[in-house]
Amino acid sequence: MDTSNFVRIVEVGARDGLQNEKTLLPPDVKIALIDRLSSTGLKTIEATSFVSARWVPQLADAEEVFRNIRKVPGVSYPVLVPNEQGYRAARAAGAEEVSVFTAASEAFNRANINATIADSLVRFQPVLDSAKADGVKVRGYVSTVLGCPYQGDVPVADVVSVAKRLHEMGCYEISLGDTIGVGTPAKARAMLHAVSQEVPMHAISVHFHDTYGQALANILACLEEGVRVVDSAVSGTGGCPYAKGATGNVASEDVVYMLHGMGMQTGVNLDLLVATGAWLAAQLNKPTASRVTKARTASA
């Protein structure tokens with residue numbers, strides 16, 4: 001178990017958040033968002049996704065955005081790539097860290113990326129090979145780790161299998177995602193414990209959506225199990241287009257508030273993060289999903 005006091009927040013709002021928002025933000029607003037996030041003390045900010053604009057029109061401006069964000073020394077700006085073509089485009093734009101994405105559910109994988117789990121891993125191999133040759137770090141996402149909108153329950157053994165394989169292929173970190181937000185603390189803890197028997201805890205991150213209001217409780221359970229990397233999205237942006245009623249990612253502001261209240265260190269300035277979340281909600285013309293930002297701005 002990791003007993004360290006520092007938790008690294010992986011901010012996913014600019015990619016995982018915005019790709020599922022109805023409002024299409026212009027490139028200059030996305031660039032401003034990432035630059036604002038860079039000023040908060042965050043060390044990992046997922047910037048965009050080099051995928052087909054036909055599939056994800058919200059991120060069709062990936063190259064323009066990535067080339068023009070302010071790259072702060074000591075901050076990583078990973079980008080999602082679906083295949084070798086996406087990897088090459090990301091590298092041409094200057095990306096130094098990438099992510100690949102698959103699921104623990106066969107049904108979800110087929111619906112989301114039109115491939116079986118095995119096919120998706122085969123597709124990633126050239127990316128991992130090229131990244132190794134280029135000295136590029138690769139992060140692996142495993143979605144639907146606590147439930148799938150199509151098949152329902154997802155066996156823990158399937159989650160372990162996919163996470164282990166991605167780690168063996170060369171992913172330095174595996175993000176375990178409750179994509180539709182159905183997990184509860186006991187299930188989250190059991191799933192994480194099982195994965196940590198095959199993947200070192202320091203190489204695991206947790207990624208919770210807040211559909212049923214369980215995200216913070218799930219994160220706490222995983223922190224107690226020893227995880228020290230947490231994915232979250234400023235203002236709680238995002239959602240899963242394939243899951244009925246699925247809300248966005250857990251809000252970064254709420255995660256940081258909880259962690260600081262526990263005496264944990266994040267390196268993040270909560271006031272700057274709250275201001276960024278409020279600004280983003282205004283850009284999206286929707287209320288923030290962050291309880292902390294609502295409370296702070298209401299009393300201002």
Test of understanding: among L273, L259, L220, which residue is surrounded by fewer than 18 Cβ atoms within 10 Å (Cβ to Cβ) and under 19 Å from the mean Cα position of the chain (by Cα)? L220
From (1) exposed (fewer than 15 other Cβ atoms within 10 Å of the Cβ); (2) touching a helix residue (DSSP H, G or I) at 6+ places or on another chain (Cβ under 7 Å); (3) at pLDDT 95 or above; (4) not aromatic (F, W, Y), pick out the condition that doesn't hold for P241. (3)
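Taking G13 as the residue in question, decide whether it is touching a helix residue (DSSP H, G or I) at 6+ places or on another chain (Cβ under 7 Å) and at positive phi. Break it down stepwise before answering.
Values: touching a helix residue (DSSP H, G or I) at 6+ places or on another chain (Cβ under 7 Å): yes; at positive phi: no.
Considered against the rule, which asks whether it is touching a helix residue (DSSP H, G or I) at 6+ places or on another chain (Cβ under 7 Å) and at positive phi, G13 comes out as no.
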For the stretch 141-154, how many residues are out of contact with any Phe, Trp or Tyr (no Cβ under 7 Å at 6 or more places or on another chain) and either over 23 Å from R110 (Cα atoms) or assigned to a loop (DSSP other than H, G, I, E, B) (or both)? 6
Consider only pairs whose beta carbons are under 9 Å apart and that are at least six residues apart or on different chains; among these, list those whose first residue lies in the stretch 144-168 and is touching a residue at least 40 places away in the same chain (Cβ under 8 Å) and whose second residue is surrounded by fewer than 20 Cβ atoms within 10 Å (Cβ to Cβ) and of a type in the set (K, R). L146/K187; P149/K244; Y150/R110
Would you mind finding the one in V79, V98 that is farther than 19 Å from T237 by Cβ and crowded, with 23+ Cβ neighbours inside 10 Å? V98
Could you pull out the residue among A157, A115, A163 that is over 18 Å from the mean Cα position of the chain (by Cα) and not in a loop (DSSP other than H, G, I, E, B)? A157
Taking the criterion of being surrounded by 17 or more Cβ atoms within 10 Å (Cβ to Cβ) and in contact with a Gly (Cβ under 6 Å, 6 or more places away or on another chain), would at least one residue in the stretch 42-50 satisfy it? yes
Sole miss for F124 among (1) more than 20 Å from G17 (Cβ to Cβ); (2) crowded, with 22+ Cβ neighbours inside 10 Å; (3) out of contact with any Gly (no Cβ under 9 Å at 6 or more places or on another chain) is condition (3)
Is there a residue being free of Cβ contacts under 8 Å to residues at least 40 places away in the same chain and under 30 Å from Q265 (Cβ atoms) anywhere in the stretch 74-85? yes
Filter the stretch 166-200 for residues that are of a type in the set (D, E) and part of a strand (DSSP E or B); which is nearest to E96 (Cα to Cα)? E173
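The values are calculated or read from the model by the stated rules, or taken from the named source; none is laboratory data. Every value quoted in this text rests on a predicted model; they were computed, and no experiment measured them. Quick reminder, even Gly has a Cβ in these numbers, built from the backbone with ideal geometry, and neighbours come from all protein chains shown.
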